[in-house]
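Heads up: the structure comes next, in structure tokens.
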Amino acid sequence: MGDRTHGRWSFMIRIPADHWLLALRTVLAVWLALFLAMRLDLYQPAWAILAVMIVTLQPVMFTGGTPPIGIIIGRSVARLFGTLFGAVVGLGLIALFGQQPMLYLLFSGGWLAFCMYWVMLEQDEYLGYVMMLSGYTATLVSLTAIGTGVDQIWTIALARFTETALGIGCGLLMHVVIAPRFGSRALPGALSSFLSLSARETLASLDTPRSRAQRDDGLKALLATYQQFEKLRGLTRLETRRLSHFIPALDRFAADGLALLTTVRELQTALDYLRACDDGERWLNQLATAAVPLLETIESAPDGEPSERLVLADFDWDDTTVEPRSRARAELVRQRLGEVLGLLQHGRRLRHALEDPASSRIETLPRDRRSRTTHNEHFVARFNAFRVFVAFELLGLFWIHSGWHSGYLAMMLLGVFTMLFAKAPDPAAVVYQFLWGSIAAVIFGGVLLFLVLPVINGFPLLALAVAVPVTIGTLLTPHPRWSAIGLAGAITMMTLLNLNSTYTFAPARYINGGLASIIGTLCAMFTYSLLRQRSPGERIRILMAAYWRGLSRLMREKSLPNRARLESRLYDRLGRLVALGGSDRALREAIDLHAMALCVWRIRRLRGALGPHRAEIEAWLAGIGVRLIARERHDPAVWQSLADESIAWVERLYHETHLPIASIGEIAMLGHLMREAPGVTLEAHANAETADVSTAATTGESRHAG
């Protein structure tokens, strides 16, 4: 007995103080929302509590603790607008199709599918959240009206929005008043880490040749620090006005940060080839003498006073005594090192300005935002919209033709869960956790509704009774293993509880509603299990094919895209490849692919300096583009052949004294990158996974036939 008691107390001690503080905020927000809802005699006070729980706990599932106040503000505003739009659509659905169940089913399912398609494509987190809320709030409002009486649709829609707004306001108030956590305060430190690590990686590359494993580790750490900076940058516009005038400069450096990642990788390749020259160390030492002091200063003090911009001087050499190969490779290193230094100095000016907003150097920061674009996986969005529509229609047909009165609750939870977790890597597993949370909520809610609430009198006892499940759900949510169970319990319980009629004893209706909630959760899980998303291998193959098509257009089309838009689109697509590939080699290949596209862009931009060779080189590039999209898989031999062609061009152009050495260096860099066989590992991973799936399917069919 003593050991068990000691175990319980040790578990309570192990709960971090941050989680207890989160529970305190949530309970106080729930109490305030419940008090105001009952004081104002609103339609369903449980909806206000539900809004508090979702706004507070849903971000906790992904942060593992108290989320920054910027996330809470963004989610709150998005939920407010999403609920408003969804309520309006719900009114329209009932007004138009309230007496036509089949038409209602068709159009409400179509609205869900439309919102799901937008959610899957939209990269802005908060706009996507608005569409998510619009999708399932429309079904919540309209289905509640169908289940309780169509004549109350206006009351239900108004109550849904009013009580959601009340819950959002109470939750936001408690997060602002009680120990608010400002994520944007860590932004300067994240920027310092990114600049310092970039300078350190550049210094290490200049110092000695590094192994591939060392480079991969460095790029991985560099990408992680950049992603942390990018994550915190999104909070500045929501959390503080002190940094509001830095938003254009931060957006600009976010794009420049992508260029810095790629340029460091290209610099490493250029250094390898320069060191292979007999006199390579001579020219490298000349560059290092100029660049190393600045790099060491940025590494040790990224937030220090910015100096005058360092521009690497041109090489002072005799064209007749220095071999063309050495000149081209040394010039390429000078250009890439100059780009790295320029980007680091830009970042240092921005970092210093963040520390000293009154500095006169703020005037030198960019005032215009760079355009950003993303690669949209339309096939993923279409499939998710399709499976939501099919599941909603099938369950709706069963509900209508069976005469199941509480079936609308199952439809509601199906819509909520299919929208909430469509972007999860394994949504079926998440909904499976929610299933256990729903079952626990039905049991616990029954105890609360029929055994506890009837014997209490007054608001204080009601608040204490509600605080127990709220505290349990809040303390469970930060833990990955129990997070879905905690949030599911909150959603299901608040869906079933009717705090305006606490003394109504109707166990049959409650049990029927509880079973409907569990069945709706099961239907969402079966939907994700039976209609599975494309495998990572299939998605990699489709993304790679889209990349080759884009690269082919870049090699052939006369007009060049804006570099910032090209970089951001490449980064978005290749970032997905890294996530799906799941290895350090995939990261290196993704950066190589990014670098190769930018190298092609530079060659095309400098095409005017190619003189009489311009038409022939452009035709050669266009031919490469055609060959790239003609293959589904590019083996190393193909890349070796293309690299040899590139180097042959370089060898031919070395003797053209009137051509800029920079143009020759870019063609050489393209050949060096091709020699690394970019994309081969990713394509092999995609084909291997597809083959495994096909083998498993064939084996399964054979066993079934046997």
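General remarks:
- Among the residues listed as TRP283, TRP317, the single one being among the aromatic types (Phe, Trp, Tyr) and over 15 Å from LEU206 (Cβ atoms): TRP317
- Among the residues making up the range 650-660, those that are surrounded by fewer than 20 Cβ atoms within 10 Å (Cβ to Cβ) and either under 19 Å from GLU266 (Cβ atoms) or touching a Pro at 6+ places or on another chain (Cβ under 8 Å) (or both) are TYR654, HIS655, PRO660.
- Listed by first and then second residue, the pairs linking a residue in the range 334-348 that is in the same structural domain as ALA288 (by TED's automatic domain parsing) and on the phi > 0 side of the Ramachandran plot to a residue that is buried (at least 21 other Cβ atoms within 10 Å of the Cβ) and in a helix (DSSP H, G or I), with Cβ atoms under 8 Å apart and 6 or more places separating them unless they lie on different chains, form an empty list.
- When residues of the range 1-46 are limited to those that are more than 17 Å from ALA463 (Cα to Cα) and of a type in the set (Lys, Arg), the one modelled with the lowest pLDDT: ARG8
- Conditions (1) more than 25 Å from ILE72 (Cβ to Cβ); (2) out of contact with any Asp or Glu (no Cβ under 9 Å at 6 or more places or on another chain): number failed by LEU267: (2)
- Residues of the range 86-109 that turn out to be surrounded by fewer than 16 Cβ atoms within 10 Å (Cβ to Cβ), touching a helix residue (DSSP H, G or I) at 6+ places or on another chain (Cβ under 7 Å) and of a type outside the set (A, V, I, L, M, F, W, C), as a count: 1
- For the range 164-179, residues that are buried (at least 20 other Cβ atoms within 10 Å of the Cβ) and of a type in the set (Val, Ile, Thr) total 2.
- Filter result for ARG573 (buried (at least 18 other Cβ atoms within 10 Å of the Cβ) and charged (D, E, K, R)): yes
- Condition check for GLN58: surrounded by fewer than 24 Cβ atoms within 10 Å (Cβ to Cβ), in the same structural domain as ALA410 (by TED's automatic domain parsing), modelled with pLDDT of 85 or more and among the polar types (S, T, N, Q): no
- Test: residue in the range 612-627 that is under 26 Å from MET120 (Cβ atoms), crowded, with 16+ Cβ neighbours inside 10 Å and not basic (Lys, Arg): no
- Exactly one residue out of ALA579, ALA595 is part of a helix (DSSP H, G or I) and free of Cβ contacts under 8 Å to residues at least 24 places away in the same chain, and it is ALA579.
- Residue check for LEU191: aliphatic (A, V, I, L, M), assigned to a helix (DSSP H, G or I) and in the same structural domain as GLN268 (by TED's automatic domain parsing): yes
- Flag for LEU344 being at pLDDT below 80 and either among the hydrophobic types (A, V, I, L, M, F, W, C) or under 30 Å from ILE247 (Cα atoms) (or both): no
- Filtering LEU271, LEU195, LEU206, LEU222 for residues that are under 26 Å from ARG588 (Cβ atoms) and surrounded by fewer than 21 Cβ atoms within 10 Å (Cβ to Cβ) leaves a single hit, LEU206.
- Taking the range 618-649 as the range and being basic (Lys, Arg) and in a helix (DSSP H, G or I) as the test, only ARG627 passes.
- Candidates ALA254, ALA204, ALA199: the one that is modelled with pLDDT under 85, farther than 30 Å from ASP18 by Cα and assigned to a helix (DSSP H, G or I) is ALA254.
- Of everything listed in (1) within 30 Å of LEU258 (Cβ to Cβ); (2) surrounded by 21 or more Cβ atoms within 10 Å (Cβ to Cβ); (3) more than 27 Å from the chain's Cα centre (by Cα); (4) not aliphatic (A, V, I, L, M), the single unmet condition for ARG200 is (2).
- Of all residues in the range 134-164, those satisfying the criterion of being in contact with a Leu (Cβ under 6 Å, 6 or more places away or on another chain) and either modelled with pLDDT of 90 or more or among the aromatic types (Phe, Trp, Tyr) (or both) are GLY135, PHE161.
- Residue match in the range 667-686 (condition: farther than 22 Å from THR263 by Cα, modelled with pLDDT under 85 and outside any helix (DSSP H, G or I)): no
The values are calculated or read from the model by the stated rules, or taken from the named source; none is laboratory data. Fair warning: this is a prediction, and the values are worked out from it, not measured in the lab. Backbone-built Cβ (ideal geometry, glycine too); neighbour counts: all protein chains shown.
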